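Let me begin by presenting the structure, written as structure tokens, before commenting on it.
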Protein chains: 2
Amino acid sequence: MSTRSPHRPSPHEDSPHIICTVDVVALTLIATRLHVALLQRAQPPAQGDWALPGGYVHAQTDADTSAAARRVLADKLGMHGVYLEQLATFSGPRRDPRGWSLSVAHCALLPADALPAQGPAGAIRWVDVQQLPGLPFDHAAIVAAALARVRNKSQYSSLPVHLCGEQFTLPQLQAVYEAVLGDTLNKVSFRRKMDDMGLLEAVPGAMLTGAAHRPAQFWRVRPAYRQHLAVTPRGL
Amino acid sequence: MSTRSPHRPSPHEDSPHIICTVDVVALTLIATRLHVALLQRAQPPAQGDWALPGGYVHAQTDADTSAAARRVLADKLGMHGVYLEQLATFSGPRRDPRGWSLSVAHCALLPADALPAQGPAGAIRWVDVQQLPGLPFDHAAIVAAALARVRNKSQYSSLPVHLCGEQFTLPQLQAVYEAVLGDTLNKVSFRRKMDDMGLLEAVPGAMLTGAAHRPAQFWRVRPAYRQHLAVTPRGL
DNA sequence: CTAATAGTGTCTATAAGACAATATTCC
DNA sequence: GGAATATTGTCTTATAGACACTATTAG
């Protein structure tokens, strides 16, 4: 908080104009590869370009920037109640041609089932993060930061469960971790760690059958961990 | 980035007024306890209260919010070239009586030697983080977030070296880690990890003498790690 | 020499990974 | 039964911690 502007609360003397926005890196797993949601911009700047979903912070209605990010997720992707965390804030005079701008970037993880292909605000492209097109503004840096965060947290926490649906088998969950981390994991160790975290509970009687081999048990996240991540002290 | 406001870059239709500031949680170690820098606010709101150093983002001059935070560090604490990282952005309609505000919080680590007691903007109080007074705005939450971040990163990285001066002995460094983490560490393991990280180099011939026991070797951070943190895969 | 802390060697405990054996299913 | 994957048991290896021994200094 500044000690300037004793009489006028307006920051105009210091800040003629700062554009406050949020951007959302919405990630999901398609065919064991991370994909990010891009929208085609309907208006300038960068009209027609595929970019991250984002929007102005609405001071009248948004409780905070996370609420603004949830509004963007709902309005532009049609997604509600998904995992969302604040990433970092990107700012500067050059990142947006409209002027000095500040964007609070958020990262959302979406279960692969029930992904919208058509959002309320037009078509959504789900792009493999390894094959990103050129992105406007500093969106490439924002996506890179999101990937770094997700990969880092996936090393020692339950973060990737938010890429799964309600129920999943342990082999499926391990595949999700491996896709995010880009490396294979030891099966025995993975199961030990999941057990130690106390994150999951077996769904009684629910088994994934149909294949010509032993069925796999379905698991779900315990209610206590629906909102908070579980962590393991020494990584997976 | 919004797709609204096609013709007017102004966000006024969506955001009548958003106050953009930075706040800095400047931490240092005094007598093996973490202390945070507080300044007495010269102007309302919360005039006279002790609060985090902060200020408006200056769109004319600041390259980004980190530059604004460095400016606050220089102008209000007289500190230059210290370790600084962005923490998180705090926002909402209620946190500041002046209106809907957004503060990009940063965390700075200062070596205990050469701390200013008198900053350019008045007296500085260095307060033990365990004995914080009531703080205005949401500064208590910002300090809590900074402490959580620093303690978390100290578990697996070289972050605490930024609380030390140019040279330090390994027993001193271990004491810094223990103060930050609030727990004792195994001496042999600590030295093994420091060795594995490849972070430090012995200062040739520099030993801490004067006490009635074997002198300790002085170490310094290798140039390659002055800007980046070193990490250890499984914590300390 | 004594006291005190620095620095190192080594043994033990714990955790991670490799490997393989058993369990179930569909055909 | 055969093929395939799930699940579990167990051995090996790697890492962390406990403990103690040696090193070096001031007085």
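The values are calculated or read from the model by the stated rules, or taken from the named source; none is laboratory data. Worth saying up front: this structure is predicted, and the values here are computed from it rather than measured. Cβ coordinates were reconstructed from backbone atoms using ideal geometry, including for glycine residues, and neighbour counts include every protein chain displayed. The accessibility values were calculated without ligands, DNA or RNA, using every heavy atom of the protein model including side chains. Shrake-Rupley method; radii C 1.70, N 1.55, O 1.52, S 1.80 Å.
Scanning region B:208-229 for residues being out of contact with any Ser or Thr (no Cβ under 7 Å at 6 or more places or on another chain) and within 16 Å of DNA strand D (Cβ to nearest atom) gives a total of 6.
Summed over region B:184-195, the residues that are within 14 Å of chain A (Cβ to nearest Cβ) and more than 10 Å from DNA strand C (Cβ to nearest atom) give a count of 1.
Among the criteria (1) in contact (Cβ under 8 Å) with a residue 12 or more places away in the chain; (2) more than 16 Å from DNA strand D (Cβ to nearest atom); (3) part of a loop (DSSP other than H, G, I, E, B), the one A:L236 does not fulfil is (2). The requirement of being open to solvent by 30 Å² or more (accessible area, probe 1.4 Å) and within 17 Å of B:A224 (Cβ to Cβ) is fulfilled nowhere in region B:184-191; no residue meets it. Residues in region A:126-160 that are touching a Pro at 6+ places or on another chain (Cβ under 9 Å) and farther than 30 Å from A:K193 by Cα: A:V127, A:P136, A:F137.
Only one entry of B:T65, B:T28 meets the criterion of being open to solvent by less than 10 Å² (accessible area, probe 1.4 Å), more than 10 Å from chain A (Cβ to nearest Cβ) and of a type in the set (S, T, N, Q), and that entry is B:T28.
Annotation: of all residues in region B:157-183 being outside any helix (DSSP H, G or I) and away from DNA strand C (no atom under 13 Å from the Cβ), the one that is surrounded by the most Cβ atoms within 10 Å (Cβ to Cβ) is B:S158. Restricting the first member to region B:207-227 and to residues that are without any contact (Cβ under 8 Å) to a residue 24 or more places away in the chain, and the second to residues that are within 16 Å of DNA strand C (Cβ to nearest atom) and open to solvent by 60 Å² or more (accessible area, probe 1.4 Å), the beta-carbon pairs closer than 8 Å and six or more apart or on different chains are B:P215/B:M207; B:P215/B:L208; B:P215/B:T209. Of all residues in region B:90-124, those that are under 29 Å from B:L229 (Cα atoms), over 15 Å from the mean Cα position of the chain (by Cα) and modelled with pLDDT of 95 or more total 4.
Within region B:47-62, being over 19 Å from B:I18 (Cα atoms) and not acidic (D, E) holds for B:Q47, B:G48, B:W50, B:A51, B:L52, B:P53. Would you check if B:R220 is away from DNA strand C (no atom under 16 Å from the Cβ), among the basic types (K, R), surrounded by 13 or more Cβ atoms within 10 Å (Cβ to Cβ) and closer than 20 Å to B:P111 by Cα? Answer is no for this residue.
Note on region A:164-191: residues that are of a type in the set (V, I, T), under 15 Å from A:P111 (Cα atoms) and within 10 Å of DNA strand D (Cβ to nearest atom) total 1. Among the residues of region B:86-137, those that are farther than 30 Å from B:F168 by Cα and either part of a strand (DSSP E or B) or away from every other protein chain (no Cβ under 12 Å) (or both) comprise B:A88, B:T89, B:F90, B:S91, B:G92, B:S101, B:L102, B:S103, B:V104, B:G122, B:P133, B:G134. You will find that of A:R33, A:R70, the residue that is under 14 Å from the mean Cα position of the chain (by Cα), open to solvent by 20 Å² or more (accessible area, probe 1.4 Å), at pLDDT 95 or above and of a type in the set (D, E, K, R) is A:R70 and no other. Among the conditions (1) buried (at least 16 other Cβ atoms within 10 Å of the Cβ); (2) without any contact (Cβ under 8 Å) to a residue 60 or more places away in the chain; (3) more than 8 Å from DNA strand C (Cβ to nearest atom), B:A202 misses just one, which is (1). When the residues of region B:196-207 are filtered to those that are away from DNA strand D (no atom under 12 Å from the Cβ) and within 22 Å of B:S154 (Cβ to Cβ), the one that is farthest from the other protein chains (Cβ to nearest Cβ) is B:E201. Counting only residues that are surrounded by 22 or more Cβ atoms within 10 Å (Cβ to Cβ) and either more than 9 Å from chain B (Cβ to nearest Cβ) or touching a strand residue (DSSP E or B) at 6+ places or on another chain (Cβ under 6 Å) (or both), region A:42-58 holds 5 of them.
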